[in-house]
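S.K.: Okay, handing you the structure first.
The values are calculated or read from the model by the stated rules, or taken from the named source; none is laboratory data. Just so you know, these numbers come straight off a predicted model, no measurement behind them. Cβ: placed from backbone, ideal geometry, glycine included. Neighbour counts: every protein chain shown.
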Amino acid sequence: MTVHIHISGQVQGVGFRPFIYRLAVQKNLKGWVSNGNDGVHAEVSGTPEEIESFYHNILWQKPVLAKITRSSYKEVHEKNFQNFEIRESDKNTQPNLLLTPDVAMCAECRREIHNKKDRRYAYPFTTCTNCGVRYSIIEALPYDRENTSMKNFIQCTDCQLEYNNPLDRRYFSQTNSCALCGVDMKLYEAHSDTYIFENILQKVVEFWKEGKIVAIKNLGGYLLTCDATNADTINQLRKRKKRPCKPFALMYPSVEILEKDVILHSEGLKFLQSPESPIVLLETKDKMESGIAKQAIAPHLSFLGVMLPHSPLFSLLLADFEQAIIATSGNLSNSPIIFEDDKAITDLSTVADYILTHNRSICVPQDDSVASFNYFDNQPIILRRARGLAPTFIQKDLKVSEQTILAMGAMMKSSFALAHQKNVYISQYLGDLESYETQENYKLVLTHFLKLFKTKPEKIIIDKHPDYFSTQFGKELAENEGIEIKEVQHHLAHFAAVLAENNLIASPENEAILGIIWDGTGLGEDGNIWGGEFFVFDNQCFHRVSHFPYFPMIARDKMPKEPRISALCSFGNIENIKQVLETKFTKTEWQVYQNLISKPKVQTSSIGRLFDATASLLGILDKASYEGEAAMLIENVAFRYYKKISIFELSILESLNLPLEAILQEIVQDWQAKKDIGFIALKFHYLLVHQIKKISQQLNIKKIAFSGGVFQNALLVMLIKKYLQDFDLYFHKQLSPNDENIAFGQIILSSFI
């Protein structure tokens with residue numbers, strides 16, 4: 001008999017065709033395999049038993065990077081094949097497959113570039129079918145070399161032999177190259193037309209040792225790098241980049257050196273060494289031994305954002321340098337990562353002393369992904385979903401519309417999502433859509449997506465907030481193209497996202513689910529700014545059942561940037577506090593803000609602003625230099641206290657169960673009693689956990705789902721998991737709890753509106 005096999009999912013650019021070829025040859029089966037715009041297709045002849053075994057071997061022994069979403073085989077007219085072959089890709093159908101993200105260098109390639117006897121020794125762009133760039137260099141589908149920015153690199157004889165040999169791991173490796181036929185580098189001096197083209201890697205290491213800042217073209221854009229032990233250089237980088245306090249990411253040359261500075265648990269190590277290879281937030285040791293300038297890197301924080309070399313270029317550089325470097329996004333303040341060479345040479349010359357570029361173009365820019373872990377069960381919390389993670393989204397049993405739906409996402413932590421041919425694609429983190437450059441980058445990536453899939457949306461979903469750029473751009477697209485458009489409330493999108501990610505939207509169990517949706521801002525149905533919300537999903541309906549008490553929201557965009565304003569709006573009416581808060585403002589500011597508070601146009605229930613307010617009251621931060629700084633600092637203060645807390649004090653905290661409106665009064669009383677700010681900060685976290693428990697018990701609901709930027713707080717998540725173990729708890733897994741998941745929630749809600 002002869003059957004046609006169809007495999008869908010993340011199956012291109014991962015060595016699936018040579019895998020099937022080798023399996024067929026091993027089993028002495030005849031037929032063919034080919035890439036199509038909807039996955040991998042194969043036809044094979046054999047006995048029913050042979051075909052059944054072959055099919056199951058494909059599913060269970062698939063390549064490491066492959067992710068299968070659907071598979072099938074059906075009998076076709078019997079054919080007499082002479083052998084088994086790999087055929088040219090079928091490019092005549094509309095693309096219907098998952099995009100493979102950029103993945104970290106594999107162990108085999110790592111060994112080769114550090115082996116002096118290997119022909120790829122010290123070649124910084126070594127890849128194979130198991131690793132390397134994918135998404136960032138794709139110009140069209142299917143994923144073939146001529147459809148990538150590798151198309152202009154003609155392979156040498158040795159590379160071509162590898163590429164044509166089905167038994168070689170570089171068979172049909174679209175990025176295959178070597179020093180003879182591959183990518184060339186240039187090292188420019190800032191503000192100069194001269195460049196270095198010999199001994200470049202050695203020169204970069206020398207520049208680091210001399211205290212220089214070097215911009216380096218990475219997989220999805222440029223990184224700004226320097227010696228992590230040189231505080232003067234790091235502070236110079238802060239000054240040039242206009243980034244006074246926000247922590248920098250570090251890249252360590254090895255696990256052995258990393259372990260000198262951080263507490264490295266098995267789950268963190270596994271994620272660091274995974275194909276995704278993100279930046280991971282890890283707790284620092286009391287005594288750090290590598291010599292890094294900790295205070296200059298992550299001021300006042302007990303954590304470092306660290307990664308291991310994920311590309312051959314950085315693996316070679318760090319092996320020579322032998323200590324950690326700063327590796328932060330190559331951009332100017334509040335702008336997207338720079339990925340175009342000309343722009344890097346002009347714009348990054350104001351920040352870097354030298355710029356290392358190369359001639360493999362980046363089609364789609366993306367930052368490094370970032371993750372942390374909650375301290376209860378060491379489950380990852382995705383903080384930024386980008387290189388290595390996006391745009392793949394695979395959710396088993398997810399039911400989405402057959403329509404092509406474009407969801408525009410939110411304003412902060414923006415991303416968009418596309419539902420197309422029953423697949424869901426979620427873009428990488430695209431930044432905060434406040435600047436013109438970020439808006440243009442959002443448009444560029446969205447246009448690229450629609451071009452790749454040769455499609456036009458049939459429906460567009462937007463946030464209800466009329467001032468969001470994503471909302472305005474969605475309306476513009478809909479009007480210009482005559483596309484149906486729908487609005488979705490921000491926090492409902494959060495709730496829908498976490499429900500769908502946990503397969504709770506179409507759950508056969510007719511059981512109510514409580515949604516705890518806490519964040520900084522989102523326009524509510526009543527015109528106020530929500531952010532401390534309690535929803536219920538029951539019988540396929542969403543209900544807002546409670547919220548934190550409203551307090552005035554004033555000064556528009558200044559309030560999230562100045563925690564002192566949140567403190568004034570939330571604590572300002574409590575006895576004996578006004579005089580203390582007044583010292584945080586000038587006389588003019590005080591008068592203006594008092595007038596605004598007396599007749600507020602908008603109110604808010606935001607937990608994000610309550611974190612800000614508490615941080616300001618406790619003297620932790622009055623004016624933020626980056627988004628979320630106050631929340632990060634108060635979490636850090638609370639975590640430090642939690643680490644040293646006594647059993648007696650812990651029992652006191654666990655007994656708290658205050659009514660909702662008494663939380664602020666309790667914090668003030670502790671502050672007036674001059675209790676340790678760590679105690680008060682931790683108590684604030686506990687109070688929030690108890691409010692969740694109280695509402696759940698009042699509603700008699702056992703299932704609770706969490707979404708919103710507040711749940712990036714690893715300490716809060718840990719306390720929830722530790723003290724609410726009697727409940728069924730659901731958190732995001734693949735997606736970040738912040739506004740990056742809004743677009744996915746909009747896709748899910750499109751079937752409800």
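S.K.: If you check residue 222 against the conditions, is it farther than 21 Å from residue 347 by Cα and among the hydroxyl-bearing types (Ser, Thr, Tyr)?
M.R.: In short, no.
S.K.: Checking residue 219 against (1) assigned to a loop (DSSP other than H, G, I, E, B); (2) out of contact with any His (no Cβ under 9 Å at 6 or more places or on another chain); (3) closer than 28 Å to residue 454 by Cα, only one condition comes out false. Which one?
M.R.: (2)
S.K.: Just to be sure I understand the filter: pairs with C-beta atoms under 6 Å, separated by 6 or more residues or on different chains, first member in the range 1-27 and of a type in the set (D, E, K, R), second member part of a strand (DSSP E or B). Which pairs pass?
M.R.: Partner pairs satisfying both residue conditions: 17/33; 17/86.
S.K.: Are there strands (runs of 3 or more DSSP E) fully within the range 393-449 with at least 2 residues that are over 19 Å from residue 459 (Cα atoms) and modelled with pLDDT of 90 or more? List them.
M.R.: In the range 393-449, there are no strands (runs of 3 or more DSSP E) which contain 2 or more residues that are over 19 Å from residue 459 (Cα atoms) and modelled with pLDDT of 90 or more.
S.K.: State all residues of the range 142-159 that are of a type in the set (A, V, I, L, M, F, W, C) and farther than 18 Å from residue 365 by Cα; if no residue qualifies, say none.
M.R.: 153, 154, 156, 159
S.K.: Six or more apart or on different chains, Cβ under 6 Å: which pairs go from a residue in the range 621-638 that's assigned by TED's automatic domain parsing to the domain that holds residue 709 to one that's charged (D, E, K, R) and part of a helix (DSSP H, G or I)? Could you list them?
M.R.: 622/564; 624/561; 630/612
S.K.: Checking residue 182 against (1) surrounded by fewer than 21 Cβ atoms within 10 Å (Cβ to Cβ); (2) without any contact (Cβ under 8 Å) to a residue 60 or more places away in the chain; (3) over 18 Å from residue 333 (Cα atoms), which test does it fail?
M.R.: That leaves (1) as the condition not met.
S.K.: Within the range 304-344, how many residues are charged (D, E, K, R) and part of a loop (DSSP other than H, G, I, E, B)?
M.R.: Counting residues in the range 304-344 that are charged (D, E, K, R) and part of a loop (DSSP other than H, G, I, E, B) gives 2.
S.K.: Look at the range 379-420 and say how many of its residues are of a type in the set (Lys, Arg) and over 25 Å from residue 752 (Cα atoms).
M.R.: 3
Here is a yes/no grid of residues against (1) buried (at least 24 other Cβ atoms within 10 Å of the Cβ); (2) more than 21 Å from the chain's Cα centre (by Cα); (3) touching a residue at least 60 places away in the same chain (Cβ under 8 Å):
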| residue | (1), (2), (3) |
| --- | --- |
| 199 | no, yes, no |
| 213 | yes, yes, yes |
| 229 | no, yes, yes |
| 235 | no, yes, yes |
| 238 | no, yes, no |
| 241 | no, yes, yes |
| 247 | no, no, no |
| 270 | no, no, no |
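S.K.: How many residues does the range 247-287 contain that are of a type in the set (Val, Ile, Thr) and either part of a helix (DSSP H, G or I) or closer than 20 Å to residue 236 by Cβ (or both)?
M.R.: 2
S.K.: On the basis of being of a type in the set (Val, Ile, Thr) and either surrounded by 23 or more Cβ atoms within 10 Å (Cβ to Cβ) or touching a Gly at 6+ places or on another chain (Cβ under 8 Å) (or both), does residue 255 make the cut?
M.R.: Answer is no for this residue.
S.K.: Which pairs have Cβ atoms under 8 Å, sit 6 or more apart or on different chains, and link a residue in the range 560-586 that is assigned to a loop (DSSP other than H, G, I, E, B) to one that is small (Gly, Ala, Ser)?
M.R.: What qualifies is 562/555; 562/624; 584/567; 584/616.
S.K.: Scan the range 536-559 for residues that are part of a strand (DSSP E or B) and among the aromatic types (Phe, Trp, Tyr) and report the count.
M.R.: 3
Yes/no matrix, rows are residues, columns are (1) under 22 Å from residue 198 (Cβ atoms); (2) surrounded by fewer than 24 Cβ atoms within 10 Å (Cβ to Cβ):
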position: 310; (1), (2): no, no
position: 317; (1), (2): yes, no
position: 339; (1), (2): no, no
position: 342; (1), (2): no, yes
position: 347; (1), (2): no, yes
position: 360; (1), (2): yes, yes
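S.K.: Here's another thing I want to ask about it. For the range 62-80, indicate whether the set of residues that are under 24 Å from residue 176 (Cα atoms), modelled with pLDDT of 90 or more and either touching a helix residue (DSSP H, G or I) at 6+ places or on another chain (Cβ under 8 Å) or surrounded by 13 or more Cβ atoms within 10 Å (Cβ to Cβ) (or both) is non-empty.
M.R.: yes
S.K.: Report the residue count in the range 686-728 for those that are of a type in the set (Val, Ile, Thr), touching a strand residue (DSSP E or B) at 6+ places or on another chain (Cβ under 9 Å), in a helix (DSSP H, G or I) and surrounded by fewer than 23 Cβ atoms within 10 Å (Cβ to Cβ).
M.R.: Selection size over the range 686-728: 2.
S.K.: Next question, about the same structure. Step by step: first the residues of the range 164-195, then only those that are part of a loop (DSSP other than H, G, I, E, B) and closer than 14 Å to residue 345 by Cβ, then the one that is modelled with the highest pLDDT. Which residue is that?
M.R.: Within the range 164-195, the match that is modelled with the highest pLDDT is 190.
S.K.: Sticking with this one: Which of the numbered conditions does residue 109 fail, given that it passes all the others? Conditions: (1) modelled with pLDDT of 95 or more; (2) more than 23 Å from residue 178 (Cα to Cα); (3) not aliphatic (A, V, I, L, M).
M.R.: Checking residue 109 against (1) modelled with pLDDT of 95 or more; (2) more than 23 Å from residue 178 (Cα to Cα); (3) not aliphatic (A, V, I, L, M), the one that fails is (2).
S.K.: Further question: Of the numbered conditions (1) at negative phi; (2) under 19 Å from the mean Cα position of the chain (by Cα), residue 334 fails exactly one; give the number of that condition.
M.R.: (1)
S.K.: While we're looking at this one, here's another question. Considering (1) surrounded by 17 or more Cβ atoms within 10 Å (Cβ to Cβ); (2) more than 22 Å from the chain's Cα centre (by Cα); (3) in a helix (DSSP H, G or I), say which one residue 290 fails and leave the rest.
M.R.: (3)
S.K.: Evaluate the following for residue 225: is it under 30 Å from the mean Cα position of the chain (by Cα) and assigned to a helix (DSSP H, G or I)?
M.R.: no
S.K.: I'd like to know if the range 433-448 contains one or more residues that are surrounded by 19 or more Cβ atoms within 10 Å (Cβ to Cβ), over 23 Å from residue 342 (Cα atoms) and touching a strand residue (DSSP E or B) at 6+ places or on another chain (Cβ under 9 Å).
M.R.: The answer is no; no qualifying residue exists.
S.K.: Hey, can you tell me all the residues within the range 237-246 that are in a helix (DSSP H, G or I) and more than 10 Å from residue 296 (Cα to Cα)?
M.R.: 237, 239, 240, 241
S.K.: Examine the range 151-163 for a residue that is touching a helix residue (DSSP H, G or I) at 6+ places or on another chain (Cβ under 7 Å), touching a residue at least 60 places away in the same chain (Cβ under 8 Å) and outside any helix (DSSP H, G or I), and state whether such a residue exists.
M.R.: no
S.K.: Looking at the structure I just gave you, is residue 570 at pLDDT 95 or above, surrounded by 24 or more Cβ atoms within 10 Å (Cβ to Cβ) and among the polar types (S, T, N, Q)?
M.R.: In short, no.
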